[in-house]
Amino acid sequence: MSVSFLYDALNDFGNLQSAGDFPNVMNMGEASAERMTVDLKLPQGPLESGTLTLSVKGSDSENGTYSDIVTGSDVQASDLNGEGYALPIPKTKFKFLKASLSGSFTGTVQAIINTYLGK
């Protein structure tokens, strides 16, 4: 049995072409992203080169100070081009979430909360 995923703008942190914070902040309200993942996608095709690291940060207020919740391992462009990448989000108390990338890469990367909880 295959599983279909549905992404929408409410789950989209946005796109980046260089290291930094993705432009969109998620207001979780009373919801939790626990057991979900932040998936990296390539909306404009494969990355040409580079290594990047994805982090998810949280804050109690949208314009407050954000603290790291989880940071993934280094991902090579060639790995992202092939199998993609998903960073699991642990349980967190924060209402606002943002994603960020560190490293150096050539291309466009999109970060999306994947709401599929798995088994």
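The values are calculated or read from the model by the stated rules, or taken from the named source; none is laboratory data. Predicted, not measured: the structure shown is a model, and the values here were computed from it. Positions of Cβ are generated from backbone atoms using ideal geometry, with glycine treated the same way; all protein chains shown enter the neighbour counts.
Search segment 39-52 for residues being closer than 20 Å to ASP12 by Cβ and in a strand (DSSP E or B), and hand back the single one that is modelled with the lowest pLDDT.
Selected residue: LYS41.
Across segment 100-119, what is the number of residues that are closer than 15 Å to GLU34 by Cα and touching a residue at least 24 places away in the same chain (Cβ under 8 Å)?
7
Quick check: is even one residue across segment 38-49 under 23 Å from TYR116 (Cβ atoms) and among the acidic types (Asp, Glu)?
The answer is yes; a qualifying residue exists.
Which one of the conditions (1) out of contact with any Ser or Thr (no Cβ under 6 Å at 6 or more places or on another chain); (2) in a loop (DSSP other than H, G, I, E, B); (3) over 12 Å from LEU101 (Cα atoms) does ASP79 fail to meet, given that it meets all the rest?
(2)
Please verify whether segment 60-74 includes one or more residues that are surrounded by 11 or more Cβ atoms within 10 Å (Cβ to Cβ), out of contact with any Ser or Thr (no Cβ under 8 Å at 6 or more places or on another chain) and outside any loop (DSSP other than H, G, I, E, B).
No, that holds for no residue.
Go over the candidates ALA99, ALA77, ALA111, ALA31 one by one and state the one that is crowded, with 19+ Cβ neighbours inside 10 Å, over 14 Å from the mean Cα position of the chain (by Cα) and small (Gly, Ala, Ser).
None of the others qualify; the one that does is ALA77.
Residues being of a type in the set (D, E, K, R), closer than 19 Å to LEU16 by Cα and in contact (Cβ under 8 Å) with a residue 60 or more places away in the chain: count how many of those fall in segment 63-99.
The number of residues fulfilling the criteria is 1.
Within segment 82-119, track down each residue that is out of contact with any Leu (no Cβ under 8 Å at 6 or more places or on another chain), polar (S, T, N, Q) and not in a loop (DSSP other than H, G, I, E, B).
ASN114
Which of the residues that make up segment 13-38 are part of a strand (DSSP E or B) and of a type in the set (D, E, K, R)?
ASP21
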